[in-house]
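Visitor: Take a look at the following structure, please.
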Amino acid sequence: ESGPLDLWRDQPLFTFTAEWTDARRADRAGDLESPDADPLETPGWLHADRTSYGTNSYPRTGVALRTLQGLLGDGPFLRGMRHYAREFRYAHPYPADFYRSFQAGAGVDVQWYFDELFRGNGTVDWSVEVEQARKSEPRGFFQGEGGEFLERTVGTPDEGAEKKQPWRARVLLRRSGTLALPLRVKLTFDDGSTRAEVWTREEQLAVSWKRLEHEGEQKLVSVVLDPLRAYYIDRDHSNDGWFDAEDELAPWRWSERALAQVQHWLFFLQGLGG
C-alpha cells in the first residue's frame, strides 16, 4: 500500500506514470537531443560535436541497451551481459567483441540490432490512428434475385434503434524510421475485454503500416502501442496511444510542469539577488 511518501514522490494526479517511477527515463530525454548524428560505435574523437559525443557516451547507450532488454526479456539479456562481463573482465574489448560475447551468452542472434543501433544510427517512431462509428444500415438500389433493381429505404431510426447497430473501428498503425522491432498492441473495449496484437518486425520491414479492424457490440475505448513501455527508443511517445474518452488530467500535468520551470527560474533570480 502506498503511503504519504509515495504520494509526495509520485504525485499520481500530475504524472504520466502514476503506477511506478523510473529514474532512468531521463536517458530517453538525453537521447532525443541528438538521436541520429553519429552511430554509437563512433570513436570519441570523430563525433560531429560535443552534443553527439555526450549523447552517445551515456544516454543513447542506456536507451539502446534497455530497449534490447525489452526486446529479449530479462533472462536472455542478463545472461548475455553476465557472459560478456566474465569473458572480458580486466580486458580491453572492441565493439565487435561485445556483440559476439553478448549473443553467445544470451543464446540469441541479434546482430541486426547491433548493426542498426550501434554501427548505424537507426531511429523509429510508431503511431496509431483510429476511425470509429456505428455501422449504418444499407440503403439505395440493389439488384434482386430476378435481376430487377429494388430500392431499399430506411426511415429515420429512433435513438434506441441506432444504438443496436454494431460498432466498426479501423485502427491504422504507422512506422517511420529505419528501425523495426516487434511491437505489442493492446486494444481495450468498453466491456473491459482486451485484444492483444503483435506487429512483427518482418511485417514492418515489408510495409510501414498495418491496419486492424473490429466490428461488434463492444465499443473500442483505447489502443496503446508498447503497453509495457519496453522500448525506450521510440522518438515520440505522444502518438503511441488513442483514447475514446477525453483526458481531463492532461492540462493539469502540463501546467504542473510549466509552473515547476517558473519556480526554478525564480529561485535562480533570488540567488542572484543575494
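Visitor: Please report, in debye to the nearest 20, how large the charge dipole of the range 21-66 is about its Cα centre when each Lys and Arg carries +1 at its beta carbon and each Asp and Glu carries -1 there. Spell out each step's value before the answer.
Guide: Values: 6 positive and 8 negative charges, 43 e Å.
For this selection, approximately 200 debye.
Visitor: Just to confirm, what accessible area per residue do you get for the range 38-194 at 1.4 Å probe, in whole Å²?
Guide: Details: 9300 Å² over 157 residues.
Value returned for the range 38-194: 59 Å² of accessible area per residue.
Visitor: Take the Cβ-Cβ distance between L46 and R195 as r, set R0 to 35 Å, and report the resulting FRET efficiency rounded to the nearest 0.05. Before the final figure, lay out the partial values.
Guide: Working: r = 48 Å, r/R0 = 1.36.
For L46 and R195, the calculated efficiency is 0.15.
Visitor: Just the ratio, please: alpha-carbon radius of gyration of the range 168-274 over 2.2 N^0.38 Å, N its number of residues. Mind dumping the intermediate values first?
Guide: Numbers: Rg = 19.6 Å, N = 107, 2.2 N^0.38 = 13.0 Å.
Compared with the compact-globule rule of thumb, the range 168-274 sits at 1.51.
Visitor: Hey, rough spin-label estimate for V207 and F243, points 7 angstrom out along Cα→Cβ, what's it come to in nanometres?
Guide: 3.0
Visitor: How big is the dipole moment of the range 208-268 about its Cα centre under a simple scheme where the beta carbon of each Lys and Arg is +1, that of each Asp and Glu is -1, and everything else is neutral? Debye, nearest 20, please. All intermediate terms of the calculation are to be shown ahead of the outcome.
Guide: Details: 7 positive and 12 negative charges, 68 e Å.
Its charge dipole is roughly 320 debye.
Visitor: Starting from the 7 Å offset along Cα-to-Cβ, what nm value, one decimal, do you get for the label separation of V221 and L272?
Guide: Placing both labels 7 Å along Cα→Cβ, they lie 5.0 nm apart.
Visitor: Something else: Restricting things to Cα coordinates, could you compute the convex hull volume per residue of the range 82-131 in Å³?
Guide: Numbers: hull volume 5.5 nm³, N = 50.
So the per-residue Cα hull volume is 111 Å³.
The values are calculated or read from the model by the stated rules, or taken from the named source; none is laboratory data. The model shown is predicted, which means the values in this text are computed figures rather than measured ones. When we count neighbours, we look across all protein chains shown, and the Cβ atoms used for this are built from the backbone with ideal geometry, even at glycine. We work out accessible area using only protein heavy atoms, side chains counted, and drop any ligands, DNA or RNA first. Shrake-Rupley method; radii C 1.70, N 1.55, O 1.52, S 1.80 Å.
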